[in-house]
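Attaching a single structure in structure tokens format; questions to follow.
The values are calculated or read from the model by the stated rules, or taken from the named source; none is laboratory data. Just so it is clear, the model here is predicted, and its values are computed rather than measured. A quick note on method: Cβ atoms are made from the backbone with ideal geometry, for glycine too, and the neighbour counts reach across all protein chains shown. Keep in mind that these areas ignore ligands, DNA and RNA; they rest on the heavy atoms of the full protein, side chains included. Shrake-Rupley method; radii C 1.70, N 1.55, O 1.52, S 1.80 Å.
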Amino acid sequence: MLLMAVPQPTSRPFIRERASGAFWYGKWSRDGKPVVRALGRAWADSDGQGGWKRKRGKTPEGVLTEAQASARMLELVQEHHVEQERIEQDAEERRRRGVTFRELVREWLVFLEREKGAKPSTLVDYGWMVAEPGQPHRRGEGRSPGLLMAALGDRPIAELSTREIGAFLRTLDDRGCKPRTVNRHRQLISAAFNYAMREDTYAIARNPAAGTTKRREPPPAVLDFYEPHEVETLARAAELGAHRAARPDRVGEHELAARRREDSQDADLYRIAAYTGLRLGELLVLRWGDVSLDLRRLVVHRALSAGIEGPTKGWQARFVPLSDSAADAFVRLRERGEFTSAADYVFCNRFGRPLDGAVLRRRFKRAAAAAGLRVLRFHALRHGAGSLVARQADARWVQGFLGHSKITTTERYLHAKARPEDVERLNRAFAISPLGGQSLEPTAARPTED
């Protein structure tokens, strides 16, 4: 590529009035396009006729005379020229070799955020998967292995083959990655190439990831959750501060009282999570304006995702009815005497700010252990709400209660634990009649087997 000669200014610097006073500006042209840059404060006064004149006295440091402004303008012309030459050379090199997978992924992530409105937690998750080798983790001292970018980042997307992508996925298998992890990388690669196939992006002819094999994942683990009496055991342990290290001799009375309020709030938070099925991110940003004790319901229309408050996971508001146990917990929380206006958070720290989800999860597990319960994830409270309600309601009602966007997600809750009536139903089905048969009802004749 031939380098262009440095353009020369076609005019002298000029002054414009700003709020802070007179200011020098420079203007020149490159490739027929005008370029305007601020040069610095001007050592000038109005001449009373729409023009400017130099002030008297010594020029202060950082303020420019016309000669200094002209010199500064020439420097900026040179800097701008060098920068534009670099940009044009990079663009030419990019056209020559084609867009790399790294560049595609970065563009695709911007598309997800700006056009698709992806949740912050989704973007954080994808960001971890496409991190560069050695990139520091957001927390702690760990660094990313950057496997995906190390393997495919520098490859032009027009040259990436199904064989290369398949080989990368097999390296994940060899490293002992779980099938779900391999499938998530495969899905990311495929989604990025689907974006590249669009007419308004790169219009590539095919998605090379489509020909790779999706790994068979093990079935979801059986849902385990706390029954209502276990929820109350957990809440009582939290309320008593059983999860705290006992050092009352080192803590003043004021601090002890604050801790008791925090422990009482935790207890009712666990109850409300278990009796409403709200996600942790929904609980953390629940405000008193969302709670209607008169109507006995909540409106859930916001959630926390990667520390950012936004819409719920399904992007839809929902109304959640309150059982007696849940309503009683809200009544106790409202009696705390502070942070109870419509805009205040229902669950907050001593200063009225939202709770830290990671810290709350750790307290939850310590409380479960202190209560002598099996230690489950905080999300098990939501599992319990869905599974217990599924014993009494149909799948569509449970779907609306939990805010699932797909009924297939709800179906997992329908048989999480046997209902008491299931045993009775089976006993009736397998009952032996007084006449020695299993059933007194006639059955349809069955064809004989070959």
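Counting only heavy atoms of the protein chains, get the accessible area per residue of the chain (1.4 Å probe) and round it to a whole Å² value.
Ligands and nucleic acids excluded, the result is 61 Å² per residue.
Let me ask something else. Which sequence of Cys348, Cys177 reflects their accessible areas, 1.4 Å probe, from the largest down?
Solvent-accessible surface, decreasing: Cys177, Cys348.
Something else about it: If you line up the long axis of helix 420-429 against the longest principal axis of the chain, both from Cα atoms, how many degrees apart are they, to the nearest 10?
With rounding to tens, the tilt is 50 degrees.
Please calculate the 1.4 Å probe accessible area of Arg297, with all protein chains present, and give it to the nearest 10 Å².
We get 90 Å² for Arg297.
Right, another one. Simple spin-label model, 7 Å along Cα-to-Cβ: Ala150 to Ala191 in nm?
For Ala150 paired with Ala191, the spin-label model returns 2.4 nm.
For the range 368-405 and the range 218-288, write down the distance between their C-alpha centroids in whole Å.
First find each Cα centre; the distance between them is then 16 Å.
Something else about it: Test of understanding: what is the full-extension gain from Arg353 to Arg106, defined as 0.36 nm times their sequence separation minus their Cα-Cα distance?
85.5 nm
Treat every Asp and Glu Cβ in the chain as -1 and every Lys and Arg Cβ as +1, leave all other atoms uncharged, and give the resulting dipole magnitude about the Cα centre to the nearest 20 debye.
740
Let me ask something else about it. Per the helix-only calculation at 222 nm, which mean residue ellipticity applies to the chain, given -39500 (n - 2.57) for every DSSP H run of n ≥ 4 and division by its residues, nearest 500 deg cm²/dmol?
-13500 deg cm²/dmol
Hey, what angle do you get for helix 253-276 against the long axis of the chain, alpha-carbon based, 0 to 90 degrees rounded to 10?
70
If you take the beta carbon distance between Thr181 and Ala205 as r and set R0 to 22 Å, what does 1/(1 + (r/R0)^6) give as a FRET efficiency, to the nearest 0.05?
0.15
Could you check the spin-label model distance between Gln49 and His254? Points 7 Å from the Cα along Cα→Cβ, value in nm.
Roughly 7.2 nm, to one decimal.
Out of (i) 21.4; (ii) 29.4; (iii) 42.5, which label holds the value of mean projected area of the Cα convex hull in nm² that was computed here?
Label (iii) holds the value from this structure.
A further question follows. Would you mind checking the tilt of helix 162-174 against the longest principal axis of the Cα atoms of the chain, expressed as 0 to 90 degrees and rounded to 10?
60
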